[in-house]
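Inspection log for the structure reproduced underneath, given as structure tokens.
Each value in this text was obtained by applying a stated rule to the coordinates, not by laboratory testing. These figures come from a predicted structure and were not determined experimentally. Positions of Cβ are backbone-derived with ideal geometry, glycine not excepted, and every protein chain shown enters the neighbour counts.
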Amino acid sequence: MLDNLTPFLVHWGITALSLWVASHIFSGIQFTSTGALIVSALLLGFANAVVKPLLIVLTLPLTLLTFGLFLLVINAFMILLVSVLVKGFKVSGFWTAFFASIFISLLSLVIGAFVTDGTPSQTIQMPHSGQWL
């Protein structure tokens, strides 16, 4: 069980660190407490895992028409959604969320490349007998 929990905690920490750095770079992003930052990172991860794929499917024609650039708008909406749901997290507007989402994504990618070794936490191997059951 701990093998599954560790990557989750690492990703949560990377997201929280990226949000914290973004709040210092963008004046339109503010956290009132550390608890709000931690909850925002958790909720942003949940929104990206559950809500974002649904939005991608619903806006697929628009995403294809813009050659994928509409995904940046969806990322901004995820940050705005989290700021509405978390009491101590404030985002001043759409454009702040838009540019902050780009920054957070890139920073998370860079930090994740240094923290993780790039290999998946679990590998699925084919059975040697040729039968899955």
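One table, with the values for the structure above:
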read-out: Identity of the residue in segment 79-92, under 18 Å from Ala49 (Cα atoms) and crowded, with 21+ Cβ neighbours inside 10 Å, that ends up nearest to the chain's Cα centre (by Cα); value: Ile79
read-out: Within segment 8-28, considering residues that are in a loop (DSSP other than H, G, I, E, B) and not hydroxyl-bearing (Ser, Thr, Tyr), the one surrounded by the fewest Cβ atoms within 10 Å (Cβ to Cβ); value: Gly28
read-out: Residue match in segment 98-119 (condition: assigned to a helix (DSSP H, G or I), crowded, with 18+ Cβ neighbours inside 10 Å and touching a Leu at 6+ places or on another chain (Cβ under 6 Å)); value: no
read-out: Residues of segment 29-42 that turn out to be surrounded by 18 or more Cβ atoms within 10 Å (Cβ to Cβ) and closer than 19 Å to Phe98 by Cα, as a count; value: 5
read-out: Any hit, segment 33-42, residues being more than 13 Å from the chain's Cα centre (by Cα), among the hydroxyl-bearing types (Ser, Thr, Tyr) and assigned to a helix (DSSP H, G or I); value: yes
